[in-house]
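Readers should treat all values here as calculations from the given coordinates under stated rules, not as data from a laboratory. All values reported here derive from a predicted model rather than from experimental measurement. Cβ sites come from the backbone with ideal geometry, for glycine too, and all protein chains shown count toward neighbours.
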Amino acid sequence: MSHLVARNSVARHGLARYGLLLSGWVAVAATLLPAELTPLRVVLVVPFLLVCPGAAALRLTHPAHRGHGPDRLEFAVLSVAFSVVIDTLVAEAFFFTHSITTLRAVGVLAVLTSLMALYPLGRRERRSGP
Amino acid sequence: MAGTLRPPATRNTPVPPAPAEPADPRGVRTNRRVTVRTVVTCAVPPVALTLWLLSLRHVHVGRMGDLGLLQVLPVLFWVALGLLTLGFVVTLHADRLSRVWPAVYVVSLIAIIHATPSILYPTLRYSWAWKHVDVVDALLRNGGAVPHPGWLDIYNQWPGFFAANGLVLRLTGLPSAMGYAHWATPVVNVLMIGPLLLLYRSLTRQRKLIWGAVWIFFSCSWIGQDYFAPQTFDFLLYVTLIGLVVKQLTSPGPPRWRLPLLGMVVLMETVLVSSHQLTPLMLIVTLTALSVPRRNRRTVLPVLASAVVLQAVWFATAARPYIAANLGSFIKALTSPDSNAPTWLTGLGTPAAGQILLAWIDRGLSAAVLLLAVVALVRRRWTRHTVLPWLALAPLPMPALNSYGGEMIFRAFMFALPATAMLTATLVVRVRQPGMPRIRPPGWLRVAATYVLLLGFLGGLVFGYYGKEQMEYFTAKEASATSYLDRVVPTGSTIVSVTNNIPNIDNQYELHSRVVIAWNSVQNRRLLISSPLAGLEEAVALDAPPGPVYLILNRGQTAECYITGVLPADTVSRLETAVDHSRIFAPVYRNSDAVVYVLVDRSNPALQPRPGQSKPSQQQPQQGGR
């Protein structure tokens, strides 16, 4: 039984990981939508900006969490806070260099999110996960 | 307060959960009581929210006087608020606390307090929120630092919040932040629940205490730094970061940071440092206080060191122009402890009578919370062994170091509030310690006392939070006047006003200059009062560079003079009458709430620029001043 639970948990974790990986590229695609579809663009981009980079960073900062919740609340709070931090730093870098374009900004965030989502964790950390 | 602090004797361990309560043996009667409580708990929020929404149907915000919204909100509104508080007290004193309902109550409280202005007002509340929207637009328009920003150059040097919003607009394709800025206050307050829970759950696992503290925080947070502003953004990150540090301090195991987590903490500090001037300083003093107990140092010192280094680097690089220009005033502030005096003591007019009452009430609320925190430290000994005394104490000396435009004393209260709210909650909710006998269910007297206390907090909050609304809301007609101004004002023009309480006045601020007479020298302001036209002419001569000059007067400026006493209440109307009778200004736009004039004849000797006499404005409020 515990074996089944562990397998389910690993599957869930993998799904979340690939979901994070995908989210950035969905946001990139959303920014290419025409102006008439701005509401759809908002629906696709805002959740990515608010949650995904931070959730991916949490894999590295809290490897034992990884979607299971010693603390679901902590996961939620830190996902948003870390996302805002990453978004702001990326935005500041572009604004200080006067080099912001939509595709560059969302591309950098998508790449960062993907790298953090795919970063291989050590065996010990994987074991401590769900 | 310092006298009550004692060095904690044990490690910062969270209070363990209370042992399970044995089942009450009193059968049917108890069951009936529990059922009634459950029904009350579940029924009150929807009923209170319905009453609240119904109460907003016929509110006339135009009738607000010197006590703001307090004078126009109907009885039903107050019934809804009182009912919700009663329901929360009943829920809090139930034998078992539901997992969901405390959150529902707190979100309902936030909706009633903070969504009311968003629902009632036709335009964005608060001139500073308009300004921040304008800064985001300017940043986007220029793709980075705004050239020729005038007195708004401070935003080029702390751009974090504005850059983040610029990114959101770029990526979503939204034309302006105006749409979501209107709802920023309730959203930000709901978001604040998360960091508060992160902090409080590191200190105790007793959910009644946690939710009691959360409720008290929102009941006492009258300072109003929760709108579309960098300080709001930074305060959310500040509480989150402090929550992370406290969690690390109270976690079992070695007090060492995992490297990736420490890296993320440093990135959070970078955003804090680059987004607002005051918050990183508050962070540094708080971390310094947390590092006083020896056992905390291994955890706190790396975070403190990185905050100090980042702050120093920022001051020496990006913020250097601002620091260099204002270093003298910072040092002067150290020797001027009276600089925290409110406007009603330093203005040239008399503030509205209601504002004096309001000032006493909001200061009384702040003093009451601080006093209750001290009582909690005396009565609840376990709190002395936590980080709470350090968190509460750390920001309090800050008003002696800098007035921050008269704001520091309020900001210090705000930064101490997460801790003082928790300390106050320990007086309301009794915590069962291991080894203690079972706590008796609270009697009706205790429940009633809690209800009265929480109502008292809310009473103080609404005075402080709603009492200045006459000057903080703007009509659609005032916004129309500035829209007109935007359309007609050529690049290089100067826009003159009595105060800066005008919606959207800083749209395209890099293209024109501003003269705000209320920020000018006392001599100029006195001349404006004694002879309005001569005062205006002198302000133009001193501060307006060659080029077209426009004058805008609106209801918001009149309201600010009346409410704060920065100038006599009739200053704007007397100036309007004087300008109407002069030949050098001509009206180009007028409605019942605003008027715009253009200077048609600058040949008058009184209007000639006076090089060398122009002085920097000494009274500009700090970023986001309230």
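Measuring between their Cα centroids, region B:292-314 and region B:73-91 lie 44 Å from each other.
Per-residue mean of foreign Cβ neighbours for A:77-83 is 6 (Cβ atoms of other chains, 10 Å radius). Eigen-decomposition of the gyration tensor built on the alpha-carbon atoms of chain B gives equivalent ellipsoid semi-axes of 46, 29, 21 angstrom, largest listed first. Taken along the Cα-to-beta-carbon direction at a fixed 7 Å, the label points for B:TRP444 and B:SER176 span 5.6 nm. Using a cutoff of 8 angstrom between alpha carbon atoms and counting only pairs six or more residues apart, the relative contact order for chain B works out to 19 percent.
Backbone phi angles across region B:581-594, fed through the Karplus curve with coefficients 6.51, -1.76 and 1.60 (θ = phi - 60°), yield HN-Hα couplings of 8, 8, 9, 8, 10, 10, x, 10, 7, 8, 9, 5, 10, 7 Hz in residue order; Gly and Pro are listed as x. For region B:494-502, putting each phi into the Karplus relation 6.51 cos²θ - 1.76 cosθ + 1.60 with θ = phi - 60° gives couplings of 10, 10, 10, 8, 7, 10, 9, 8, 9 Hz, in residue order, rounded to whole numbers and with x for Gly and Pro.
With the gyration tensor restricted to C-alpha atoms of region B:475-607, the semi-axes of the equivalent ellipsoid amount to 19, 18, 14 Å, longest first. When every alpha-carbon pair in region B:381-510 is counted, what percent end up more than 18 Å apart? Looking at region B:381-510, the distances longer than 18 Å represent 74 percent of pairs.
Modelled spin labels at B:LEU327 and B:ASN142, positioned 7 Å past Cα toward Cβ, are 2.4 nm from each other. Compared with the direct C-alpha span, the chain from B:ARG583 to B:ILE119 gains 162.8 nm at full extension, assuming 0.36 nm per residue. Counting only alpha carbon atoms, the long axis of helix B:444-466 and the longest principal axis of chain B meet at about 10°. Counting every C-alpha pair in the protein assembly as shown, the share spaced more than 52 angstrom apart comes to 14%. Each Lys and Arg adds +1 at its Cβ and each Asp and Glu adds -1 at its Cβ; summed about the Cα centre, chain B shows a dipole of about 3460 debye.
Scanning residues 5 or more positions from B:PHE585 or on other chains, those with amide H under 5 Å from its amide H are B:VAL600, with H placed 1.01 Å from N in the peptide plane.
With a Förster radius of 22 Å, plug the Cβ-Cβ distance of B:TRP183 and B:ALA103 into 1/(1 + (r/R0)^6) and report the FRET value to the nearest 0.05.
Values: r = 20 Å, r/R0 = 0.89.
Efficiency, from the Cβ-Cβ distance: 0.65.
Pop the C-beta distance of B:VAL190 and B:GLN608 into the FRET formula with R0 = 56 Å and round what comes out to the nearest 0.05. E(calc), rounded to 0.05, equals 0.55.
Take the Cα of B:LEU357, step 7 Å toward its Cβ, do the same at A:LEU121, and the gap between the two points is 5.9 nm.
Computed from backbone phi with θ = phi - 60° and the Karplus coefficients 6.51, -1.76 and 1.60, the 3J(HN,Hα) list for region B:504-514 is 6, 5, 9, 4, 6, 5, 6, 9, 9, 9, 10 Hz; x is used for glycine and proline. When the Cα convex hull of region B:470-511 is projected onto planes of every orientation, the mean area is 3.1 nm².
Mind pulling the angle between the C-alpha long axis of helix B:278-290 and the longest principal axis of chain B? Nearest 10 degrees, somewhere in 0 to 90. Tilt of helix B:278-290: around 30 degrees.
Think of each Lys and Arg Cβ as +1 and each Asp and Glu Cβ as -1; about the Cα centre, that makes the dipole of region B:460-576 roughly 140 debye. Across region B:526-593, Cα pairs under 8 Å and at least six residues apart give a relative contact order of 29 percent.
So if we plug the beta-carbon distance of A:SER99 and A:LEU15 into 1/(1 + (r/R0)^6) with R0 = 45 Å, what FRET efficiency do we get, rounded to 0.05?
On the way: r = 36 Å, r/R0 = 0.79.
Efficiency, rounded to the nearest 0.05: 0.80.
For chain B, the longest principal axis of the Cα atoms and the long axis of helix B:259-275 meet at an angle of about 30 degrees.
Taking neighbour counts of Cβ atoms within 10 Å as a proxy for exposure, in what order, fewest first, do B:SER531, B:SER55, B:SER366, B:SER521 appear? Mind showing how you got there, number by number?
Numbers: B:SER531 14, B:SER55 20, B:SER366 23, B:SER521 17.
With the sparsest Cβ surroundings first, the list reads B:SER531, B:SER521, B:SER55, B:SER366.
Summarising the strand pairing of the protein assembly as shown, around 60 percent of its internal DSSP beta bridges are antiparallel. For region B:177-311, the share of alpha carbon pairs falling in successive 5 Å distance bins from zero is 2, 10, 18, 21, 20, 16, 10, 3, 1, 0 percent. One chain, two ends: B:ARG295 and B:VAL600. Fully extended at 0.36 nm per residue, the span grows by 102.7 nm beyond their Cα-Cα distance.
Give me B:VAL273, B:VAL47 ranked fewest to most by other Cβ atoms within 10 Å of their Cβ, as a rough exposure proxy.
Values: B:VAL273 28, B:VAL47 15.
With the fewest neighbours first, B:VAL273, B:VAL47 line up as B:VAL47, B:VAL273.
Counting neighbouring Cβ atoms within 10 Å and putting the fewest first, the residues B:HIS60, B:HIS276, A:HIS62 line up as B:HIS60, A:HIS62, B:HIS276.
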